[in-house]
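Colleague: Sharing a structure here in structure tokens format.
The values are calculated or read from the model by the stated rules, or taken from the named source; none is laboratory data. Bear in mind that the values here come from a model prediction, so they are computed numbers and not experimental data. Here the Cβ positions follow ideal geometry from the backbone for every residue, glycine too, while neighbour counts run over all protein chains shown. Surface accessibility is based on the protein's heavy atoms, side chains included, excluding ligands, DNA and RNA. Shrake-Rupley method; radii C 1.70, N 1.55, O 1.52, S 1.80 Å.
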Amino acid sequence: MLEESAKAAWEYGRQFLMDGKVADYIPELGKANPVYLGLCIKTTDGKTVEYGDVEQRFTMQSISKVVSLSVALQHVGFDKVFSKVMMEPSGDAFNSILKLDTASSRPYNPLINAGAIEVVSLLAPQFSFEQILDFTKELCMDDEITLNESVYHSEERTGDRNRSIAYLLKSKDVLEGDPLAACDLYFRLCSMNVNARSLAGMGLVLANGGVSPATGERLLSAQVVRTVKTLMFTCGMYDGSGEFAVEVGLPAKSGVGGGIMSCVENQMGIGTYGPSLDEKGNSIGGGNTLKYLSRALHLHMFDSEND
Ligand code: GLN
């Protein structure tokens, strides 16, 4: 049942690839092949089901915002983090600077650029990139994750909008410390090279309440995981989060590299890779694959037994 539905979902998702566009505002990302689509599912009872381009590496981009938020909640603490960022969907594009100047000095949530740069600024004095990379490897159950140097340099060269956000936060005394150091760590975290399998691994740890099913080790506290999944549900797909919640009904986080990481409570982690993006910057193939899968297997958080 899982195998057939996963295959059908992947085939369904493939039909949309030509309706989207690969991100090219970070020049290096523009080299991705829009026809790639990979789906990997890892279940809490140890099964892996996968179709398509699941070994293809790509950069995590905004999915790393889940990692930085998790590390910050775990080590910097809830009070400090949520004194700096809110927990509200922004309804604006991921890289928007608008509300930050007009509506609130605190970024709306930790999963848009402004919020993530703020969160990363809290990590920068305490953690090196390598330490967070090592933790990401554990979360993703993937030892092969490395820094994609060319994407990192490409984003570093063209990241003026993110640097503007960091300086605006600094001017409002929200960001403490060095805005450029925060941006540098943020760009590196965005450039971690994962694949659909790694994302399924991370989803699996989240589905399993923060305990790695592979080792039995607790990687994140239950409270951190609950908070992160709630924010993924309400804010993880940027200004497409509402529609995604209605159509798919699962916590998910996308990145402009083409990945989506999602999870089903106590059941499975799901990773998709498809660099062709819709107008909101979410993977068009991955999003449609998840929509099909959710319907076929009744995975929507609010599916009732009486359906
Ligand atoms: N590194 C990207 C940026 O800051 C991440 C954005 C994304 O994945 N939506 O613009």
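Colleague: First obtain the Kirkwood hydrodynamic radius of the chain from its Cα pairs, then insert it into the Stokes-Einstein equation at 20 °C and 1.002 mPa s, and state the resulting D in µm² per second as a whole number.
Modeller: Reported coefficient: 114 µm²/s.
Colleague: Oh, and also: Hey, how much of the P(r) for region 17-150 falls beyond 18 Å, as a percent of Cα pairs?
Modeller: Every Cα pair in region 17-150 considered, those over 18 Å come to 65 percent.
Colleague: Could you run the Karplus curve 6.51 cos²θ - 1.76 cosθ + 1.60 with θ = phi - 60° over region 110-127 and give me ³J(HN,Hα) per residue in whole Hz, x for Gly and Pro?
Modeller: x, 9, 9, 3, 4, x, 5, 5, 4, 4, 5, 5, 6, 7, 3, x, 9, 10
Colleague: Considering only T44, T227, T215, give the residue with the highest GNM mean-square fluctuation for the chain, with springs between Cα atoms whenever their separation is below 10 Å.
Modeller: Highest fluctuation of the listed residues: T215.
Colleague: Write down the accessible area per residue of the chain in Å², having rolled a 1.4 Å probe over the full set of protein chains.
Modeller: 40 Å²
Colleague: Return the long-range amide H neighbours of D92 (sequence gap of 5 or more, or a different chain), with a cut-off of under 5 Å between placed amide H atoms.
Modeller: Counting only residues 5 or more places away or on other chains, the set is empty.
Colleague: How large, in Å, is region 78-235 by the Kirkwood hydrodynamic radius built from its alpha-carbon pairs?
Modeller: 16.4 Å
Colleague: Just how much of H75 is accessible, in Å², when a 1.4 Å probe is used and the result is rounded to the nearest 10?
Modeller: Around 110 Å² of this residue is reachable by solvent.
Colleague: Whenever you get a sec, compute what percent of the accessible area on the chain sits on carbon and sulfur atoms (1.4 Å probe).
Modeller: Accessible surface attributable to carbon and sulfur in the chain totals 48 percent.
Colleague: While we're on this one: Among N282, N113, N33, whose mean-square fluctuation peaks in a Gaussian network model of the chain (Cα, cutoff 10 Å)?
Modeller: Result for the chain, Cα springs under 10 Å: N33 fluctuates most.
Colleague: Would you work out which of G201, L175, G285 lies farthest towards the positive end of the dipole of the chain, given +1 charges on the beta-carbon of Lys and Arg and -1 on that of Asp and Glu, about the Cα centre?
Modeller: L175
Colleague: Of S128, L17, V81, whose Cα points farthest to the positive end of the dipole of the chain (charges on the beta-carbon: +1 Lys, Arg; -1 Asp, Glu; origin at the Cα centre)?
Modeller: Farthest towards the positive end: V81.
Colleague: Which of K42/K80; K47/K291; K47/K229; K31/K65 have a Cα-Cα distance over 29 Å?
Modeller: K42/K80
Colleague: Would you please give the residues with an amide H less than 5 Å from that of C263, counting only those at least 5 places away or on a separate chain, with H modeled from the backbone geometry?
Modeller: Result for C263 returns I270.
Colleague: Here's something else I'd like to know. Where the only charges are on Cβ atoms (+1 Lys, Arg; -1 Asp, Glu), what is the dipole of the chain about its Cα centre, to the nearest 20 debye?
Modeller: Dipole about the Cα centre, nearest 20: 380 debye.
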